[in-house]
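Below: one structure, written as structure tokens.
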Amino acid sequence: MNLDAILQQRLTGLTGKEKPLQRYPVGGGSINETYRLEIGKDRFFCKANSATKFPHLFQKEKAGLSLLAQTGKQKTPQVIDCFEAEGMQFLLLEWIQPGTPNETFWKTFGERLAALHSVTGKGFGWEEDNYMGSVPQQNNQHTRWCPFFAEERLLPLMQRCNANNLLSSSDCRLLESLVTKLPNLFNEEEPSLLHGDLWSGNFL
């Protein structure tokens, strides 16, 4: 597979520019290969991964970004393209140049994040399953938070960890006991829109 040839052909078609592609690795990709792409004066952020190992990974990420963008509560990168070629999948986003936070950054960021969380829905869950990193994540709809948290998050992860010898039987019993106590630990809340992967490498 010639990665540069795949990206050159795709970006030439998108931009209409017959100029050589420059590709620079960037950090923060975790399970993905991540690059800054330059063609002429245009810059893009590119994520690449196996199309067979993580089926539709970037299509699901694209859908999540679209949902966040529709709220208008927080700036999200524009999705330029999402495609597969030669057993690989690619997500092209607009390149956002990192900056240095000023004295009002965290206040503004917190206010916008709170505004995002004010977007409510009919239930806990989503219209399709997706991933948590490399782990498939189910998103069946629930009307209450505690059953959703238990049945769509804690218990599936417990079963996966137990199957891979990452949790013992006694660990699983403790977690199952915790699940029964969740309604006493959490207040009832309205369903609200969450980013889902909010860490320092995912915001600027």
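Observations
- Global size of the chain: 20.0, 62 Å for Rg and Dmax (C-alpha atoms, Rg to one decimal, Dmax whole).
- Taken over the chain, lysine pairs spaced eight or more positions apart, or on distinct chains, with alpha carbons under 26 Å apart number 23.
- Hz values of 3J(HN,Hα) by residue in the range 110-125 - Karplus curve (6.51, -1.76, 1.60), Gly and Pro given as x: x, 5, 5, 5, 5, 5, 4, 5, 7, 7, 9, x, 7, x, 8, x
- Residue ranges 101-112, 36-47 sort as 36-47, 101-112 when ordered by packing (mean number of other C-beta atoms within 10 Å per residue, highest first).
- Kirkwood estimate for the range 3-97, i.e. one over the average of 1/r between Cα atoms, Å: 13.8 Å
- For the range 3-97: relative contact order, % (alpha-carbon pairs under 8 angstrom, 6 or more apart): 23 percent
- Order by protection proxy (mean Cβ within 10 Å, highest first), peptides 168-176, 184-192: 168-176, 184-192
- At q = 0.13, 0.16, 0.26, 0.31 Å⁻¹, base-10 log of I(q)/I(0) for the range 155-204 (Debye sum, equal scatterers on each alpha carbon): -0.54, -0.74, -0.91, -1.04
- Size check on the range 120-192: the Cα extents along the three principal axes, sorted descending, read 37, 30, 14 Å.
- Alpha carbon centroid spacing (whole Å) that separates the range 185-204 from the range 131-178: 18 Å
- Peptides 60-66, 83-89, 94-100 ranked from most to least packed by the mean count of surrounding Cβ atoms within 10 Å: 60-66, 83-89, 94-100.
Laboratory data are not the source of any read-out in this text; all were calculated from the coordinates shown. Not measured: the values here are computed from a predicted model. Virtual Cβ from ideal backbone geometry, glycine too; neighbours counted across all protein chains shown.
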